[in-house]
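**Student:** Have a look at this one.
The values are calculated or read from the model by the stated rules, or taken from the named source; none is laboratory data. What you see is a predicted model; the values in this text were computed from it and never measured. With ideal geometry, Cβ positions are generated from the backbone for all residues, glycine too; neighbour counts draw on all protein chains shown. For the accessible areas, the whole protein counts, side chains as well, though only heavy atoms, and no ligand, DNA or RNA atoms are used. Shrake-Rupley method; radii C 1.70, N 1.55, O 1.52, S 1.80 Å.
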Amino acid sequence: MNCLFCRIIAGEIPSSKVYEDEYVLAFRDIDPQAPTHILIIPKTHYDSVMDAPPEVVGRLTETAKKLAVSEGLAEKGFRIVVNTGDEGGQSVKHLHMHLLGGRSMQWPPG
Ligand code: DGP
């Protein structure tokens, strides 16, 4: 298995897990870009959001919303990001949603 996030799901690489269910794993980003920076991934491998069915994207979004509440981000606001492809800045080719919060976000992003 050469996908980094599949190896995290399999427990071969340790992660700081914040949520897990049958379909989804969420863990803290190794290189946080905000006080709270969580990655939410499907347990089934999809290279990017372009390959994933709507129910999978929906589960990631619903998990992000729940975590925004449990992490105390929902009231002040937060950002969810799905980098896609090379120009989108996707470095890990396993679909993942970033949940970022705990500071004011800038726009436009870099
Ligand atoms: P992206 O650039 O959108 O593909 O985001 C990939 C993210 O994955 C990036 O923010 C850093 C994070 N990351 C890379 N390797 C690891 C790892 O081994 N553990 C954890 N927790 N995060 C990782």
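**Student:** So which residues in the stretch 22-41 are away from the ligand (no atom under 13 Å from the Cβ) and free of Cβ contacts under 8 Å to residues at least 40 places away in the same chain, if there are any at all?
**Tutor:** Hits for the stretch 22-41 are E22, Y23, V24.
**Student:** So which of S91, S70 is away from the ligand (no atom under 16 Å from the Cβ) and open to solvent by 40 Å² or more (accessible area, probe 1.4 Å)?
**Tutor:** Values: S91 fails: away from the ligand (no atom under 16 Å from the Cβ).
Of S91, S70, the one residue that is away from the ligand (no atom under 16 Å from the Cβ) and open to solvent by 40 Å² or more (accessible area, probe 1.4 Å) is S70.
**Student:** Test A26 against the criterion of being modelled with pLDDT of 95 or more, open to solvent by less than 40 Å² (accessible area, probe 1.4 Å), over 13 Å from the mean Cα position of the chain (by Cα) and small (G, A, S), and give yes or no. Spell out the reasoning first.
**Tutor:** Numbers: modelled with pLDDT of 95 or more: yes; open to solvent by less than 40 Å² (accessible area, probe 1.4 Å): yes; over 13 Å from the mean Cα position of the chain (by Cα): no; small (G, A, S): yes.
No: the conditions fail for A26.
**Student:** Turning to a different aspect of this structure: Which condition number in (1) among the charged types (D, E, K, R); (2) open to solvent by less than 80 Å² (accessible area, probe 1.4 Å); (3) away from the ligand (no atom under 16 Å from the Cβ) is the one that R79 fails?
**Tutor:** Looking at each condition in turn, R79 falls short on (3).
**Student:** Looking only at residues that are of a type in the set (G, A, S) and touching a residue at least 24 places away in the same chain (Cβ under 8 Å) in the stretch 42-66, which one is surrounded by the fewest Cβ atoms within 10 Å (Cβ to Cβ)?
**Tutor:** Ranking the candidates gives S48 first.
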